[in-house]
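To start, the structure under review is shown below, and the notes come after it.
The values are calculated or read from the model by the stated rules, or taken from the named source; none is laboratory data. Computed from a predicted model, the values in this text were never measured in an experiment. When we count neighbours, we look across all protein chains shown, and the Cβ atoms used for this are built from the backbone with ideal geometry, even at glycine. Just so you know, the surface numbers come from the protein's heavy atoms only, side chains and all, with ligands and any DNA or RNA stripped out. Shrake-Rupley method; radii C 1.70, N 1.55, O 1.52, S 1.80 Å.
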Amino acid sequence: MKFFVDTAEIDAIAELNDLGMVDGVTTNPSLIMKSGRDILEVTKEICDLVDGPVSAEVVATKAEDMIAEGRKLAGIADNIAVKVPLTWDGLKACKVLSSEGNMVNVTLCFSANQALLAAKVGATFISPFIGRLDDIDIDGMDLIADIRLIYDNYGYDTQILAASIRTVNHVTESARIGADVITAPPGVIRKLAEHPLTDNGLAVFMADWAKTGQKIL
Ligand code: E4P
């Protein structure tokens, strides 16, 4: 399973990238706002830093304008994936932008039927939002499982990019179901390394080691 980082914070991306944990990056207008950076500048910096796909989102709502914005964003670097919302206009924009050879990430997906349409129009990635479904008491993981089943039934090669990941369990479940990619905030990726039994075990080892009076270096 590929790991994308869901942030526009350069330092956080760089730290994870140095560890070989970054297969790509996703941004959105809210993340750009939080970074306080200019979208074109920060996106270029991210693209220079990582080899994998970097999603940059259009903000227009009409297909024609989304296509124009998408072409501009795609011009930033070869590894840009143009992100369009899962609206009718977004699907039209996806069709044109993907036909032109661009990677397209169709975002804000909340149903299996929406995912089916995204695959039909040539999306490279479909982004079902798990956490935001959980927020309204719908199990977001069920959507990932439904899309996996449907895509496999028909051999669609659109990659399932499990998004709006808020917990480490979302990561485990996405991997169990067979999502192609997860995108998670840096904090969630760091938490994957944590376990209370690791902390307790380490404390016991350190206490016992101190009793030996020995040193390795
Ligand atoms: C994905 O591409 C989105 O940027 C992101 O996962 C949304 O997550 P949120 O629902 O936590 O804002």
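Which number in (1) among the polar types (S, T, N, Q); (2) farther than 16 Å from Phe3 by Cα; (3) open to solvent by 80 Å² or more (accessible area, probe 1.4 Å) marks the one condition that Thr158 misses?
(3)
Where residues in the range 161-206 are more than 13 Å from the ligand (Cβ to nearest atom) and not in a helix (DSSP H, G or I), which of them is farthest from the chain's Cα centre (by Cα)?
His195
Which pairs do you get when a residue that is touching a residue at least 60 places away in the same chain (Cβ under 8 Å), found in the range 85-99, comes within reach of a residue that is open to solvent by less than 10 Å² (accessible area, probe 1.4 Å), reach meaning Cβ atoms under 6 angstrom, with the pair 6+ apart or on two chains?
Final answer for the pair search is none.
Determine which single condition Asn113 fails, assuming it passes every other condition in (1) within 16 Å of the ligand (Cβ to nearest atom); (2) without any contact (Cβ under 8 Å) to a residue 24 or more places away in the chain.
(1)
Touching a Pro at 6+ places or on another chain (Cβ under 8 Å), open to solvent by less than 50 Å² (accessible area, probe 1.4 Å), at pLDDT 95 or above and over 27 Å from Glu41 (Cα atoms): is that true of Ile150 in this structure?
Spelling it out, it is not the case that Ile150 is touching a Pro at 6+ places or on another chain (Cβ under 8 Å), open to solvent by less than 50 Å² (accessible area, probe 1.4 Å), at pLDDT 95 or above and over 27 Å from Glu41 (Cα atoms).
So Thr43 fits all but one of (1) among the β-branched types (Val, Ile, Thr); (2) out of contact with any Lys or Arg (no Cβ under 6 Å at 6 or more places or on another chain); (3) closer than 28 Å to Tyr151 by Cα; what number is the exception?
Evaluating Thr43 over (1) among the β-branched types (Val, Ile, Thr); (2) out of contact with any Lys or Arg (no Cβ under 6 Å at 6 or more places or on another chain); (3) closer than 28 Å to Tyr151 by Cα leaves (3) as the failure.
So, in the range 118-134, of the ones that are without any contact (Cβ under 8 Å) to a residue 60 or more places away in the chain and over 17 Å from Lys92 (Cβ atoms), which residue ends up surrounded by the most Cβ atoms within 10 Å (Cβ to Cβ)?
Pro128
Among the numbered conditions (1) in a loop (DSSP other than H, G, I, E, B); (2) within 14 Å of the ligand (Cβ to nearest atom), tell me where Tyr156 comes up short.
The single condition Tyr156 does not satisfy is (2).
Look through Asp142, Asp146, Asp134 and report the one residue that is part of a helix (DSSP H, G or I) and within 13 Å of the ligand (Cβ to nearest atom).
Asp134 is the lone residue from the list that is part of a helix (DSSP H, G or I) and within 13 Å of the ligand (Cβ to nearest atom).
Quick one: would you say Gly131 is over 15 Å from Ile160 (Cβ atoms) and touching a strand residue (DSSP E or B) at 6+ places or on another chain (Cβ under 9 Å)?
Spelling it out, Gly131 is indeed over 15 Å from Ile160 (Cβ atoms) and touching a strand residue (DSSP E or B) at 6+ places or on another chain (Cβ under 9 Å).
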